[in-house]
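Undergrad: Got a structure for you, questions after.
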Amino acid sequence: TFAEIADKTYGDAAFSLEASASSELAVSFELVSGPATLVGNEITIIGAGSVSVKAIQLGDDNYAAAEEVVRTFTVNKAAQSITFEEIADKTYGDAVFELTASASSELAVSFELVSGPATLVGNEITITGAGSVSVKAIQLGNENYA
């Protein structure tokens with residue numbers, strides 16, 4: 001008996017697998033595939049994707065081997081957020097300034113000039129005239145983060 005494993009999210013804590021055999025002999029586990037590690041019955045998620053685990057009971061002098069059972073679950077990408085502080089008003093002629101932002105994933109954040117009299121190169125803004133300037137911070141994710 002090896003119950004289905006609920007889907008997980010990248011960053012979730014390690015968890016224990018549980019299974020039993022009608023013989024009451026101990027069941028062992030084997031990682032079949034996917035972004036996880038397995039030590040004993042504890043599985044640790046190391047990436048997003050599909051993970052398959054096999055439950056095995058090889059039998060003994062009195063019991064034949066049990067039919068192996070494979071369970072597959074999905075590790076979803078983790079959500080992330082961006083911290084991007086408000087930008088203080090500037091005056092035409094002010095020096096070039098840098099934008100700073102961070103993502104909860106610790107992945108690099110990039111910037112895009114949405115509108116207004118300014119130029120943006122990397123994270124440096126140059127004011128080119130009077131008016132309202134709008135900039136957005138972007139983090140597109142990767143294989144583990146949405």
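Undergrad: What accessible area per residue comes out for the chain, rounded to a whole number of Å², with a 1.4 Å probe?
TA: Result: 62 Å² of accessible area for each residue.
Undergrad: Lys pairs in the chain, Cα-Cα under 29 Å, at least 8 apart or on separate chains: how many?
TA: Lysine pairs meeting both conditions in the chain amount to 5.
Undergrad: Step through the residues of segment 45-54 one at a time and calculate ³J(HN,Hα) from phi using the Karplus curve (6.51 cos²θ - 1.76 cosθ + 1.60, θ = phi - 60°), rounding each to whole Hz and writing x for Gly and Pro.
TA: 7, 10, x, 7, x, 9, 10, 10, 10, 10
Undergrad: If you don't mind, another one. Nothing charged except the Cβ atoms of Lys and Arg (+1) and of Asp and Glu (-1): what's the magnitude of the dipole of the chain about its Cα centre? Round to the nearest 20 debye.
TA: 460
Undergrad: Given contacts defined as C-alpha pairs under 8 Å and at least six residues apart, what's the relative contact order of segment 1-143, whole-number percent?
TA: In percent, rounded to a whole number, it is 18.
Undergrad: Magnitude of the Cβ-charge dipole of segment 51-112, K/R +1 and D/E -1, about the Cα centre, nearest 20 debye?
TA: Computed about the Cα centre, the dipole is about 220 debye.
Undergrad: I've got another one for you. What distance in nm separates the simple spin-label points at SER23 and ILE87, each placed 7 Å from Cα in the Cβ direction?
TA: If labels sit at SER23 and ILE87, their model points lie 6.9 nm apart.
Undergrad: Can you bin segment 88-146 into rounded, prolate or oblate? Criterion: square roots of the alpha carbon gyration tensor eigenvalues sorted a ≥ b ≥ c, rounded for a/c under 1.5, prolate for a/b above b/c, oblate for the rest.
TA: In terms of gyration-tensor shape, prolate.
Undergrad: Taking R0 as 22 Å, what's the FRET efficiency between VAL32 and ALA146 from their Cβ-Cβ distance, rounded to 0.05?
TA: 0.30
Undergrad: Just going by the charge dipole of the chain, with Lys and Arg at +1 and Asp and Glu at -1 on Cβ, which of THR44, THR100, ALA55 is farthest out on the positive end?
TA: THR100
Undergrad: Next up: Which three extents, in whole angstrom, do the alpha-carbon atoms of segment 1-103 cover along their principal axes, largest first?
TA: Cα extents, longest axis first: 88, 17, 16 Å.
Undergrad: Considering segment 49-135, what Rg and Dmax in Å follow from its alpha-carbon atoms?
TA: Computed over the Cα atoms of segment 49-135, radius of gyration and Dmax are 27.3, 88 Å.
Undergrad: To continue, here is another question. Taking the simple approach of a point 7 Å from Cα along Cα-to-Cβ for both ASP60 and ALA13, what is their distance in nm?
TA: Each label point lies 7 Å from its Cα, and together they span 3.3 nm.
The values are calculated or read from the model by the stated rules, or taken from the named source; none is laboratory data. None of these values were measured; they are calculated from a predicted model. All Cβ positions, even for glycine, are placed from backbone atoms using ideal geometry, and neighbour counts span all protein chains on display. Side chains are part of the model used for accessible areas, which takes the heavy atoms of the whole protein and leaves out ligands, DNA and RNA. Shrake-Rupley method; radii C 1.70, N 1.55, O 1.52, S 1.80 Å.
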